[in-house]
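Asker: Sending over a structure as structure tokens; questions will come in a sec.
The values are calculated or read from the model by the stated rules, or taken from the named source; none is laboratory data. Quick caveat: nothing in here was measured; it's all calculated off a predicted structure. Cβ sites come from the backbone with ideal geometry, for glycine too, and all protein chains shown count toward neighbours.
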Amino acid sequence: MQFSGTETIKAGRAKVWEFVTDPNQVGQCAPGLESLQIVEPGKKFKATISVGFGAVKAKFAMDAEWQELSADDGKAVLKARGKAPGSAVEIVARMNLTSESADQTRLDWSADVNIMGTIAAIASRMAQSVTATLTAQFFRCLKSKIEA
Amino acid sequence: MSTYFGKRIPRNEDPRLLTGQALFVDDVQLPDLAHVAFYRSPYAHARILSIDVSAALARPGVIGCYTAQDLGDYWSPGPLLVSPPPTIERKIFHQRTQVPLAKDKVRHVGEPVVMVVAESRYIAEDALDDIWVDFEPLGVVVDLEQALQTDAPLIHEDLPSNMGAQVIQEKGNYETAKAQAAVIIARRIVYDRGPSVAMENRGVVAQWDSRTQRLTVWDSTQAPVFIRGGLAAMLGLSESQVRVVAPFIGGGFGPKIMMFYPEEVLLPWLAIRLKRPVKWIEDRQENFYATTQERSQIHHCELALTQDGKILGLRDEFLHDGGAYMPYGLTVPLNSQANSLGGYIIPNYYSEFKAVFTNRTIVTPYRGAGRQHGTFVIERLLDHAARELGIDKAEIRRRNFIQPEQFPFNNEIIFQDFAPLMFDSGNYEPVLDKALEMIEYERFYREIQPQARAEGRKLGLGVVFYIEGTGIGPYEGARVQVEASGKVSVATGIGTQGQGHFTSFAQIVADQVGVRPQDVMMVTGDTDQFHWGAGTFASRGAVVAGNAIHAAAQDVRQKILHHAGEVLEAAPDALEIVAGQVRVQSDPTRSISLGKLAQRANPMRGAVEPGTVPGLESTNYFGPRYGATAFGAHAMIVEVDEATLQLKIHKYVVVHDCGKVINPLILDGQIHGGVAQGIGNAFYEQLHMDENGQLLNASFMDFLIPTALDVPHLEMAHTETPSPLNPLGVKGAGEAGAIPVGALFAQALEDALGLEINEIPISPQKLFELTATAEALA
């Protein structure tokens with residue numbers, strides 16, 4: 001599944017960058033986040049996330065790693081792999097921050113999400129819409145926190 | 001002399017089955033039984049970097065976790081079940097068979113990676129979630145055509161491409177025939193199938209008895225004798241130390257003859273290692289991945305005909321989806337080749353297939369076993385030709401039928417049993433005529449369809465013809481014995497999965513031995529009782545085991561008459577056996593019961609003539625030179641709802657010929673079941689897979705199978721053209737019902753909607769797309 005979008009956030013690029021690349025801060029907006037552990041600051045972290053696909057609820061244990069984290073040009077690539085009972089997920093998320101003015105930043109993002117195993121087999125019809133809903137929720141939260 | 005053969009009598013086994021008294025694998029309960037669950041790959045194609053089972057082992061109640069490494073020398077790719085026919089010259093075959101547990105990489109979703117054994121299945125399942133496998137994802141191949149592109153990821157990296165096999169079969173010269181043709185019909189045809197969806201999933205229970213040094217395996221297999229021999233060889237045991245029992249099985253349909261499934265290899269090994277009995281029962285979701293299935297073929301085919309609709313030649317080039325491994329050789333695509341000839345005279349023929357490895361579940365035969373695909377090809381091409389040439393669709397078939405006096409008919413290509421594809425006997429036209437009469441063909445086109453159209457209703461009729469190669473070798477055997485009780489016991493090596501063996505075989509014996517079928521005690525699929533034979537597949541049980549049983553029963557009859565002749569002081573041919581009594585025909589008061597005779601044939605004391613063989617018993621075998629070919633026609637009238645594109649079958653007719661019929665009731669049941677699975681294939685069932693090799697509908701929430709409401713009442717008729725290949729004159733019937741249904745649906749829906757259909761399965765959604773496309777083109 002591929003998702004992408006653009007958000008405009010009323011804050012300077014540096015402030016947005018600092019928020020979205022800090023797992024502890026951005027984690028406050030991650031729907032269903034149960035735990036977060038920084039393994040290697042600025043590089044690796046682990047997270048546990050609960051997601052419900054209709055009647056199917058799953059807890060994903062995720063390993064995430066920044067593959068690119070370039071504050072200068074506002075580019076970041078996060079690769080995450082996780083597992084849930086009988087299932088696995090692979091995510092590659094890309095983000096690009098562009099300064100539109102001193103207090104406005106454009107966030108272009110895309111994500112490639114592959115769900116495998118049981119969840120793909122029994123909840124695939126739900127996966128697209130659930131992921132879209134969670135993403136929207138995430139960005140709403142993100143904006144309100146940064147703009148606050 | 002047939003009191004019972006040919007009679008429509010109820011099944012001996014039904015009271016046990018219907019009251020829940022029959023033993024299925026999951027009914028096997030043993031003291032100290034441990035339970036197995038499998039960690040299966042969620043990835044369709046990935047390298048295994050590491051496996052961590054420490055957390056699973058720490059879970060209370062877990063007895064052990066085993067990976068490929070733990071199997072040591074026992075780890076080995078499975079045997080090749082069916083080699084490609086040595087008799088076919090133009091072939092390539094790369095043998096790649098499944099492994100018990102994935103070692104370096106996984107090649108399809110559901111491939112087992114770790115075996116967990118625990119005190120209960122619940123604990124074992126929970127422990128699966130404790131396992132961490134580090135996978136490195138690889139590119140995934142799910143599409144047949146993409147799989148052969150040069151940049152496709154390689155499923156078996158030691159091969160130059162994903163092509164697993166290639167076979168060319170040819171007779172005459174198609175190109176010459178084509179040059180003379182008045183019309184060439186060329187199409188791209190896609191025929192897809194799915195899982196067999198047996199009511200009972202697979203299961204294995206294994207027990208090692210240290211005191212007797214014997215292994216007992218209860219296995220939902222269609223081939224217990226080969227499982228026994230294979231397990232003995234793999235485990236270094238004598239065959240006499242291994243007993244394999246295939247008890248009652250809730251549907252086989254082909255996938256249960258795949259050998260060896262990883263679970264069949266692993267459970268016996270585990271039972272010996274743990275010195276504890278172990279059980280694994282497949283759940284429904286596992287079944288979608290871990291039990292073999294059939295899937296798609298893509299055909300580029302053309303038919304060359306004269307102006308009056310005579311076939312000059314057929315050319316067919318197709319791709320066959322083999323899945324991640326091809327342990328069953330080329331049986332399925334070879335059947336497709338055979339069935340693409342239909343029951344027609346096709347003097348020039350060129351067929352070439354490539355079997356392709358994909359990151360999908362293994363493909364092995366499932367009821368029909370590629371015959372559907374081939375039948376669809378020839379029946380579709382004939383329909384298109386009939387339209388193009390302005391010939392009636394029944395008539396074009398009639399003009400091309402092999403004629404009764406041409407049998408045995410040599411098709412000059414090689415069949416799945418390595419022998420030339422010979423049709424033993426047939427009389428095709430009466431079958432087609434009967435179907436046309438029963439469906440009221442002329443009246444439909446004269447009155448019914450025009451009237452429906454005038455009312456704005458979409459009504460269509462289909463009528464198709466098919467052949468079914470059945471009853472192939474090599475052989476089966478049986479032992480028949482009259483016991484001291486006067487009842488008869490019969491053992492044969494094949495297993496039973498609902499075919500009514502306990503009745504049809506009993507009928508054969510009852511006629512010879514002079515008892516009632518209820519007095520015949522059948523044992524099937526227990527290697528301690530009979531340990532020769534190949535198994536239940538290819539519609540061969542009644543033909544091959546049936547004739548072996550017949551031969552043994554005839555021997556026993558001779559022994560009975562011989563012994564009774566001595567007792568009654570009469571010549572054997574002056575005797576008759578009636579209701580368990582042997583009596584002198586001319587004086588029925590001079591008689592002796594079978595029980596007494598059996599006792600006399602097995603003296604406890606005294607002396608016998610040297611060379612005397614005890615008992616009223618015989619073991620005998622039967623193997624045909626080649627398979628017997630059944631045939632038939634299906635016809636239906638269907639109405640399509642224009643708004644929903646759902647359909648209603650108004651009438652469904654089957655006219656079928658499988659030679660001599662042992663029990664018409666059982667035969668009807670076989671046809672019913674086959675048609676139901678055929679309807680599922682034609683209009684309901686399809687495996688949906690994403691580009692990552694993930695099955696998106698691996699549950700009955702999303703995978704549609706027809707219900708009782710979707711399967712119409714069938715009107716059936718039979719003709720009987722005996723097979724000359726066996727004394728009973730029988731042919732198989734197990735797959736007939738399922739074979740032509742896709743071709744029938746395509747033709748009937750075309751007739752109703754006025755569009756062209758070259759694929760199966762079809763569905764309301766697919767009909768909508770085709771209608772939209774047709775309208776856009778119009």
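Asker: Got a sec? Which of B:Leu459, B:Leu432 is part of a helix (DSSP H, G or I) and modelled with pLDDT of 95 or more? Spell out the reasoning first.
Answerer: Values: B:Leu459 fails: part of a helix (DSSP H, G or I).
It is B:Leu432.
Asker: Something else: Name the residue, out of A:Ala123, A:Ala127, A:Ala80, that is among the small types (Gly, Ala, Ser) and touching a Gly at 6+ places or on another chain (Cβ under 7 Å).
Answerer: On the way: A:Ala127 fails: touching a Gly at 6+ places or on another chain (Cβ under 7 Å); A:Ala80 fails: touching a Gly at 6+ places or on another chain (Cβ under 7 Å).
Selected residue: A:Ala123, the only one of A:Ala123, A:Ala127, A:Ala80 that is among the small types (Gly, Ala, Ser) and touching a Gly at 6+ places or on another chain (Cβ under 7 Å).
Asker: Take A:Val51 and decide whether it is within 22 Å of B:Phe135 (Cα to Cα), more than 14 Å from chain B (Cβ to nearest Cβ) and of a type outside the set (Gly, Ala, Ser). I'd like the intermediate steps shown before the answer.
Answerer: Numbers: within 22 Å of B:Phe135 (Cα to Cα): no; more than 14 Å from chain B (Cβ to nearest Cβ): yes; of a type outside the set (Gly, Ala, Ser): yes.
In short, no.
Asker: Follow-up question, since we're still on this one. Which strands (runs of 3 or more DSSP E) sit wholly inside the range B:113-230 and have at least 3 residues that are over 30 Å from B:Gln307 (Cα atoms)? Write out each step before concluding.
Answerer: On the way: elements: B:132-137, B:163-171, B:183-191, B:203-209, B:214-219.
Because the criterion is at least 3 residues that are over 30 Å from B:Gln307 (Cα atoms), the strands (runs of 3 or more DSSP E) in the range B:113-230 that meet it are B:132-137, B:163-171, B:203-209, B:214-219.
Asker: Mind telling me which of the residues B:Phe683, B:Phe700 ends up being aromatic (Phe, Trp, Tyr) and either modelled with pLDDT under 95 or not in a helix (DSSP H, G or I) (or both)? Full working, then the answer.
Answerer: Working: B:Phe683 fails: either modelled with pLDDT under 95 or not in a helix (DSSP H, G or I) (or both).
None of the other options fit; the residue is B:Phe700.
Asker: Quick one: in the range B:267-297, which of the residues that are surrounded by fewer than 21 Cβ atoms within 10 Å (Cβ to Cβ) and more than 24 Å from A:Gly117 (Cβ to Cβ) is farthest from the other protein chains (Cβ to nearest Cβ)?
Answerer: Looking at residues that are surrounded by fewer than 21 Cβ atoms within 10 Å (Cβ to Cβ) and more than 24 Å from A:Gly117 (Cβ to Cβ), I get B:Lys275.
Asker: So B:Ile92 passes all but one of these: (1) in a helix (DSSP H, G or I); (2) touching a strand residue (DSSP E or B) at 6+ places or on another chain (Cβ under 8 Å); (3) away from chain A (no Cβ under 14 Å); (4) among the aliphatic types (A, V, I, L, M). Which condition number does it fail?
Answerer: (1)
Asker: Considering only residues that are assigned to a helix (DSSP H, G or I) and over 10 Å from B:Phe683 (Cα atoms), which ones fall in the range B:747-766? Spell out how you get there, then give the answer.
Answerer: Going residue by residue through the range B:747-766, those that are assigned to a helix (DSSP H, G or I) are B:747-753, B:764-766.
The answer is B:Gln747, B:Ala748, B:Leu749, B:Glu750, B:Asp751, B:Ala752, B:Leu753, B:Gln765.
Asker: Does B:Asp130 meet the test of being surrounded by fewer than 18 Cβ atoms within 10 Å (Cβ to Cβ) and acidic (Asp, Glu)? So that I can check it myself, show each step before the final result.
Answerer: On the way: surrounded by fewer than 18 Cβ atoms within 10 Å (Cβ to Cβ): no; acidic (Asp, Glu): yes.
Spelling it out, it is not the case that B:Asp130 is surrounded by fewer than 18 Cβ atoms within 10 Å (Cβ to Cβ) and acidic (Asp, Glu).
Asker: Might you check whether a residue that is within 30 Å of B:Gly323 (Cβ to Cβ) and in a helix (DSSP H, G or I) occurs anywhere in the range B:624-640?
Answerer: Scanning the range B:624-640, I find no residue that is within 30 Å of B:Gly323 (Cβ to Cβ) and in a helix (DSSP H, G or I), so the answer is no.
Asker: Which condition breaks for B:Gly632 when tested against (1) assigned by TED's automatic domain parsing to the domain that holds B:Pro724; (2) modelled with pLDDT under 95?
Answerer: Every listed condition holds for B:Gly632 apart from (2).
Asker: Now a separate question. Looking at the range B:704-715, can you tell me whether even one residue there is within 14 Å of chain A (Cβ to nearest Cβ) and in a loop (DSSP other than H, G, I, E, B)?
Answerer: Initial filter on the range B:704-715 (within 14 Å of chain A (Cβ to nearest Cβ)): B:704.
Right, trim to in a loop (DSSP other than H, G, I, E, B) and you get B:704.
Within the range B:704-715, one or more residues are within 14 Å of chain A (Cβ to nearest Cβ) and in a loop (DSSP other than H, G, I, E, B).
Asker: While we're here: Pick from the range B:298-313 the residues that are assigned to a strand (DSSP E or B) and more than 27 Å from the chain's Cα centre (by Cα): which of them is nearest to the other protein chains (Cβ to nearest Cβ)?
Answerer: First, pick out the residues of the range B:298-313 that are assigned to a strand (DSSP E or B): B:298-305, B:311-313.
The next check asks that each one be more than 27 Å from the chain's Cα centre (by Cα); those that pass are B:302-305, B:311-313.
Working: B:Glu302: 38, B:Leu303: 40, B:Ala304: 45, B:Leu305: 45, B:Ile311: 44, B:Leu312: 48, B:Gly313: 45 Å.
Per the stated criteria, the residue is B:Glu302.
Asker: Suppose we keep only residues that are touching a Ser or Thr at 6+ places or on another chain (Cβ under 7 Å) and part of a loop (DSSP other than H, G, I, E, B) within the range B:500-532. Which one would you say is nearest to B:Ser618 (Cα to Cα)?
Answerer: Across the range B:500-532, the extreme among qualifying residues is B:Phe530.
Here is a yes/no grid of residues against (1) in contact with a strand residue (DSSP E or B) (Cβ under 8 Å, 6 or more places away or on another chain); (2) surrounded by fewer than 17 Cβ atoms within 10 Å (Cβ to Cβ); (3) within 12 Å of another protein chain (Cβ to nearest Cβ):
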| position | (1), (2), (3) |
| --- | --- |
| A:Phe60 | yes, no, yes |
| A:Asp63 | yes, yes, yes |
| A:Lys83 | yes, no, yes |
| A:Asp108 | yes, yes, no |
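Asker: Identify the residue in the range B:124-151 that is more than 14 Å from chain A (Cβ to nearest Cβ) and touching a residue at least 60 places away in the same chain (Cβ under 8 Å) and, among all such residues, is nearest to the chain's Cα centre (by Cα).
Answerer: Residues of the range B:124-151 more than 14 Å from chain A (Cβ to nearest Cβ): B:141, B:143-151.
Still in the running and touching a residue at least 60 places away in the same chain (Cβ under 8 Å): B:141, B:143-145, B:147-148.
Numbers: B:Val141: 27, B:Asp143: 25, B:Leu144: 24, B:Glu145: 27, B:Ala147: 27, B:Leu148: 29 Å.
Of everything passing the filter in the range B:124-151, B:Leu144 is nearest to the chain's Cα centre (by Cα).
Asker: Okay, next question. Give B:Ala55, B:Ala37, B:Ala22 a once-over and let me know the one that is touching a helix residue (DSSP H, G or I) at 6+ places or on another chain (Cβ under 9 Å) and in a helix (DSSP H, G or I). Show your work before the answer.
Answerer: Working: B:Ala37 fails: in a helix (DSSP H, G or I); B:Ala22 fails: in a helix (DSSP H, G or I).
Result: B:Ala55 is the single residue among B:Ala55, B:Ala37, B:Ala22 that is touching a helix residue (DSSP H, G or I) at 6+ places or on another chain (Cβ under 9 Å) and in a helix (DSSP H, G or I).
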